[in-house]
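Here the structure comes first, spelled out in structure tokens, and everything after it is commentary.
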Amino acid sequence: PFPPEPMDFAPPPPDATIVKQVVVPDSGGFQAQPEDGPSAAQLVVDGETPEEFQARKLRMLLDISQALSRQKDVDKLLEKVVDITFQVMNVDRVSILMVEGEELVPRISRNKLGDGGSGRHVPQSIARQVVEQRLAILTDNAAADERFAGKSIVVQSVRSAMCAPLLGGGQGGADQGRVIGLIYVDSQTSLDAFGDEDLEFLIAFSGIAAVAIDNSQLIDRIQREAVVLSNFQRYFAPNLAEQIATQEEEVRLGGTKRPVVVFFSDIRGFTSMSEKMGPDDIATLLNEYFTEMVE
């Protein structure tokens, strides 16, 4: 994990190796530029004309969106994102890091030979700048860039790299545009591996991936809350069970100290009655009884 540290990013030096850095909008939108033609260095898209190239690129993004929307499990979804990245781009390594609390945690990392890793080859200086400033970055010869000075870039043999933030909160509200992670790709062999088309595609791709990840996390959270609520409803009154299940913090061992009123009640003939009932029926009966008595 990369611990949060305050960073002071000075203006780019004249000989900076960053080719392009783009502030990513909340939509992570795709901007077609037919007049530029098929100039991408690493994007696996064919097209004899600029219009055909852009049309096929847009078609690819639509296909990716459909493929990712079918995957609901978060871990499998992240694997799918990495697989698709290798299919559509000629890159050496791909990593996805997710924001968990105040830390940036590697979730999945793979090179083109299929070997996994911890994601530590992602330069911390690049990762922090992407997350803190919501920038998509394209850099050539990253080891020579003064702003990215660090042992990780040299040790991991980073030559060219691209990195884009994953922006969540697709449903709107206060969380709109929050950074939930990043996707990072690099080349260990070429100093000029990526072009503007590659970066624009990565921005659009990261936007699609972020929506899918955000939705998958939402579905997972709803399912877990439903299970928790169902379990608590067996032992607590419905309104109390819902209160426990929906609180932001998990129920902790040791609990919390609060002033309470203790209600003692004895049900006539309960022992003989309970011997003929199942556990769920008993829990339902007691919930209904205590709800009425407490009121």
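The values are calculated or read from the model by the stated rules, or taken from the named source; none is laboratory data. Predicted, not measured: the structure shown is a model, and the values here were computed from it. Note that we place each Cβ from the backbone using ideal geometry, even for glycine, and neighbour counts take in every protein chain shown. Remember, those area values only see protein heavy atoms, side chains included, never the ligands or the DNA or RNA. Shrake-Rupley method; radii C 1.70, N 1.55, O 1.52, S 1.80 Å.
Rounded to whole numbers, the Karplus 3J(HN,Hα) couplings from phi for the range 70-78 are 7, 9, 9, 6, 4, 4, 5, 5, 5 Hz, using 6.51 cos²θ - 1.76 cosθ + 1.60 with θ = phi - 60°, and x at Gly and Pro. Using a 1.4 angstrom probe on heavy atoms only, work out the carbon and sulfur share of the accessible area of the range 178-272 in %. Answer for the range 178-272: carbon and sulfur cover 54 percent of the accessible area.
Summary of packing: across the peptides 125-131, 229-235, the per-residue average of other C-beta atoms within 10 Å ranks them, highest first, as 125-131, 229-235. Think of a 1.4 Å ball rolled over the protein heavy atoms: the range 204-295 then has 80 Å² of accessible area per residue. Roughly how many Å is it from the Cα centre of the range 225-295 to that of the range 60-102, as a whole number? So the two Cα centres are separated by 43 Å.
Three principal axis extents describe the C-alpha atoms of the range 201-295; from largest down they are 72, 35, 24 Å. Using a probe of 1.4 Å, the accessible surface attributed to MET293 totals some 90 Å² when neighbouring protein chains are kept in position.
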